[in-house]
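**Q** For reference, the structure I am asking about is given below.
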Amino acid sequence: MKTVTATELRANIYKLLEEVLNTGIPLEIKKGDKRLRIVPVEKGDKLRNLRARPHVIQGDPDELAAISWEKEVNLDLP
């Protein structure tokens, strides 16, 4: 969560409000020893914030889909 002072909020209120609406992440405002929060009412889409990471999988992704775990895992539960 991002924290700003009341002075920073006053100087950038439209930008900060737009950031809260776009990301869904609350904004905390610090005024002296007290704190306030600006929180979006609607829940944001968390998947929208994911970044593409094309080099995470080492090898052929199609091979991962064909892995068989039957011999590795015993699913006979009591």
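The values are calculated or read from the model by the stated rules, or taken from the named source; none is laboratory data. On a predicted model such as this, the values are computed, not experimentally measured, just so you know. Every residue, glycine among them, receives a Cβ derived from its backbone with ideal geometry; neighbour counts consider all protein chains shown.
**Q** So which residues in the stretch 27-64 are charged (D, E, K, R), exposed (fewer than 11 other Cβ atoms within 10 Å of the Cβ) and out of contact with any strand residue (DSSP E or B) (no Cβ under 6 Å at 6 or more places or on another chain), if there are any at all?
**A** Listed by number, the residues that qualify are ASP33, LYS34, GLU42, LYS43, ASP45, LYS46, ARG48, ARG51, ARG53, ASP60, ASP62, GLU63.
**Q** Within the stretch 17-26, is even one residue modelled with pLDDT of 95 or more, of a type outside the set (A, V, I, L, M, F, W, C), surrounded by 11 or more Cβ atoms within 10 Å (Cβ to Cβ) and in contact with a strand residue (DSSP E or B) (Cβ under 6 Å, 6 or more places away or on another chain)?
**A** No: the stretch 17-26 contains no residue that is modelled with pLDDT of 95 or more, of a type outside the set (A, V, I, L, M, F, W, C), surrounded by 11 or more Cβ atoms within 10 Å (Cβ to Cβ) and in contact with a strand residue (DSSP E or B) (Cβ under 6 Å, 6 or more places away or on another chain).
**Q** Now for a different question. Answer yes or no as to whether LYS31 is under 28 Å from THR5 (Cα atoms) and not aromatic (Phe, Trp, Tyr). Write out each step before concluding.
**A** Details: under 28 Å from THR5 (Cα atoms): yes; not aromatic (Phe, Trp, Tyr): yes.
Considered against the rule, which asks whether it is under 28 Å from THR5 (Cα atoms) and not aromatic (Phe, Trp, Tyr), LYS31 comes out as yes.
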